[in-house]
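Undergrad: I'd like to ask some things about the structure below.
The values are calculated or read from the model by the stated rules, or taken from the named source; none is laboratory data. Everything numeric in this text was worked out from a predicted model, so none of it was measured. A quick note on method: Cβ atoms are made from the backbone with ideal geometry, for glycine too, and the neighbour counts reach across all protein chains shown. Surface accessibility is based on the protein's heavy atoms, side chains included, excluding ligands, DNA and RNA. Shrake-Rupley method; radii C 1.70, N 1.55, O 1.52, S 1.80 Å.
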Amino acid sequence: MTQVIERGTPLPTPQRAGGRRRSPAAAACVLGGAMAAGLGLGFLAVLVIVLWISSPYPDSGPGGALHLAAGLWLLAHGTDLVRYETLSGVPAPVGMTPLLLVALPVLLMRRAARLGSACGDGSDGDEVLPASAVFSAVTCGYLAVGSLATVYAAGGPMPADPLSAAWHVPLVAVLAAAGGVWVAKGRPLGPLPEWVPKGVRRAVARPRYALALRSGAAGALVLLGGGVLLVGASLAWHGAEVQGTFLALTGVWSGRFAVLLLALALIPNAMVWGAAYALGPGFALGAGATVTPLGFEGSAALPLPRFPLLSALPPQGPGSPVTWAVGVIPVAAGLAVGWFAVRRAREVSYGETALTAGLGSMVCGLLTAGLAGAASGPLGSRELARFGPVWWQAGGAAAAWTLAVAVPLAVAVHAWRNRPAAGTGPGDEWHAPGTRELRWETLRRAAGAPLVPDRAPVAAPAPVPPVPPVRPQPQPNPVPVPEPDPEPEPDPVPTPIPDPVPATPVAPPVLPVSGARVLSRRRPPL
């Protein structure tokens, strides 16, 4: 029999053999994650193939170029690569990740998560997936392609370390997907889940933590900005050496273009190195060689690679007043943390302000430590096993610098914002700023209830049925009534005028105040 379906009746959803319904939205999210990984691989593959074609000395075929592209894609996630073709014959690890390459998989994965969250709006029977389902589907699709890329890169000249790829690629995918779903859902900042302890949820809900995050992020941005200024000034100061190194590396335009791309990809790493240099610990250039503002020692016998960014290093030997002047950068970061850690509400105490500034300093230290760990890594074995800043030294120095500057500044700014208004003399205590708020707070505590109760909502009046109009009836002519004669008014009696009494100023009563806190400067409603 032919089943007749009326117009407007939704079609049944196809089901699988096990009775479970298919989810087109979930399949689209998985496909979106796989496409995000594929686009990243394709972009690097096209770039490597173009450089391989334009190179006059290709040392491998197109297969080797594709294997190298897969290795670079894994390196963009922080995975360590292994270089077997070395002069000593010992495999050398390559673990320094160009931070600009990390932006490629992060942006693609974030966009895939956003598109997966917005694929269904619930209209016309579209399926709307929850945030957890979108996150899981997009991550699974991305990791499936990542595992295939890891297996494919194993046959190239620089295969990836399987253990390093096993946790670096999922970490980047999870963080990027979570950020994309969070943005697609409107950046919700609701309460923590119910399984979190009640004390933790109540503590996190306090405004001090949001201020600490904001102030710590401001301090980290100031440190990175100072690192950019240091790198730019050093490149300009050593312009001749940088240009000579760049031209001496290769004589063909394709090779110079590849060196330029690599230098641009390492600019964010140089920013972090400059921030670590300004903080004091500096950065390592191999075993036993460290560059700090106090000096550049231990590199006489170290064969540094010839690279334009390395040509901008300070000269060897002890430091000078020019290198010591970089201490202005961490001081500026501490000022930023202290400024953003102050609340504008008057009921906050000095201890609360100091605690918020201290937490902001800890956040700045944690962010600096994470950036230092991501911007450093080995470039080989033996002498080049350590290359870049040490994460715990950079993070500890950032926390110490900002803590020493931010807490006093935050307390000073808090005292300045809560200062009494100008023109308040000794006899104006009754009208001084904050006195009225103290009186109202004392009366409220004594009454045990709000002095001005909230008004109850007024219900809307019931609709009144229309009344038919009444026709006016003709009135008879009124009969005139004569008015009586007015009575004569008596003579006015003079009222005695009392003697003037001098006004005596009465001082208003002052209520005892104990333990009251100062509220914001707002006048009570009239």
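Undergrad: Quick one: plug the Kirkwood hydrodynamic radius of segment 137-251 (C-alpha pairs) into Stokes-Einstein at 20 °C, 1.002 mPa s, and report D in µm²/s.
TA: 109 µm²/s
Undergrad: Would you work out what percent of the accessible area of segment 324-390, with all protein chains in place, is carbon or sulfur (probe 1.4 Å)?
TA: 70 percent
Undergrad: Among rounded, prolate and oblate, which fits segment 175-305 when a ≥ b ≥ c are the square roots of the eigenvalues of its C-alpha gyration tensor, a/c under 1.5 means rounded, and a/b larger than b/c means prolate? Kindly include the intermediate steps, with their values, before the conclusion.
TA: Values: a/c = 3.06, a/b = 2.01, b/c = 1.52.
In terms of gyration-tensor shape, prolate.
Undergrad: Ala447 to Lys198: FRET efficiency via 1/(1 + (r/R0)^6), r the Cβ-Cβ distance, R0 35 Å, to the nearest 0.05?
TA: Given R0 = 35 Å and the Cβ-Cβ separation, E is 0.70.
Undergrad: Rank by packing, highest mean first: peptides 363-373, 331-341, 33-43, with packing defined as the count of other Cβ atoms within 10 Å averaged across residues.
TA: 331-341, 363-373, 33-43
Undergrad: What does the net charge come to around Asp161 if you take all other residues with beta carbon closer than 13 Å to its beta carbon, with K and R at +1 and D and E at -1?
TA: Counting the neighbours of Asp161, the net charge comes to 0.
Undergrad: Suppose all protein chains stay in the model; what accessible area per residue would a 1.4 Å probe give for segment 217-257, in Å²?
TA: 55 Å²
Undergrad: Let me ask another. Accessible area per residue, 1.4 Å probe, Å², for segment 332-424: what's the number?
TA: Numbers: 4360 Å² over 93 residues.
Counting only protein heavy atoms, the per-residue value for segment 332-424 is 47 Å².
Undergrad: Given a Förster distance of 22 angstrom, what is the FRET efficiency for Leu100 paired with Tyr209, based on the Cβ-Cβ distance and rounded to 0.05?
TA: 0.10
Undergrad: Can you compute the label reach from Phe307? Point 7 Å from Cα along the Cβ direction, backbone N cut-off under 18 Å, restricted to segment 76-106.
TA: Residues 76-87, 92-103 qualify, since their backbone N sits under 18 Å from the label point.
Undergrad: Suppose R0 equals 22 Å. What FRET efficiency, 1/(1 + (r/R0)^6) with r the Cβ-Cβ distance, do Arg382 and Gln316 give to the nearest 0.05?
TA: Details: r = 21 Å, r/R0 = 0.95.
Between Arg382 and Gln316 the formula returns 0.60.
Undergrad: Taking the Cα centre of segment 62-153 as the origin and placing charges on Cβ (Lys, Arg +1; Asp, Glu -1), which of Thr97, Leu108, Val138 is farthest toward the positive end of the dipole?
TA: Thr97
Undergrad: With θ taken as phi - 60° and the coefficients 6.51, -1.76 and 1.60, list the Karplus ³J(HN,Hα) couplings across segment 329-344 in order, rounded to whole Hz; mark glycine and proline as x.
TA: Result, rounded to whole Hz: 5, x, 5, 5, 5, x, 5, 5, 5, x, 5, 7, 8, 9, 8, 8.
Undergrad: Could you check the spin-label model distance between Ser147 and Ser132? Points 7 Å from the Cα along Cα→Cβ, value in nm.
TA: 2.2 nm
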